[in-house]
Amino acid sequence: MEELELVCEGRSYKVSMTASVAKAFKKVDAKERARIIKWMNRFADDGAEFLDAEKLKHEGKYPLGNRAGTEVAIFAFKAWQVRVCGGARRGQPLHCNRNRRQQKADKG
């Protein structure tokens, strides 16, 4: 498993990123990066309760593939066209393992 970098720690969760996501995230526009970090801090303190779908989107639950049938909740922190995706299990840290910029189709 790739090494993790702690982004923030709050009352409810710890949020960390894989090293490759952290490296790509540092290249994101500073304003968008600051927004996403703000949402991550809010999530770390209060969970998803005070973040609407414009800031944090629950993408669904996916099985880990183990015999116990453990599922991981997948979330995407969003700011403008930047998405930082990660998964969390109840009582476990949220690990962000994907960073992507959403591409909009040219409607012209």
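Each value in this text was obtained by applying a stated rule to the coordinates, not by laboratory testing. This is a predicted model, so every value here is computed, not measured. A quick note on method: Cβ atoms are made from the backbone with ideal geometry, for glycine too, and the neighbour counts reach across all protein chains shown.
Residues E3, E32, arranged from fewest to most other Cβ atoms within 10 angstrom of their Cβ, appear as E3, E32.
Rounded to whole numbers, the Karplus 3J(HN,Hα) couplings from phi for region 48-60 are 7, 4, 9, 10, 7, 5, 6, 9, 9, 10, 7, 8, x Hz, using 6.51 cos²θ - 1.76 cosθ + 1.60 with θ = phi - 60°, and x at Gly and Pro. Fewest-first ordering of L64, L51 by other beta carbons within 10 Å of each residue's beta carbon gives L64, L51. With a Cα cut-off of under 21 Å and a minimum spacing of 8 residues unless on different chains, the lysine pairs in region 4-101 number 25.
Note on E3 and K31: with the Förster distance fixed at 30 Å, the Cβ-Cβ geometry gives a FRET efficiency of about 0.60. Sites listed here are trypsin sites (Lys or Arg not before Pro) in region 1-69 whose DSSP assignment is loop and whose Cβ has at most 14 other Cβ atoms within 10 Å: R11, K26, K27, R67.
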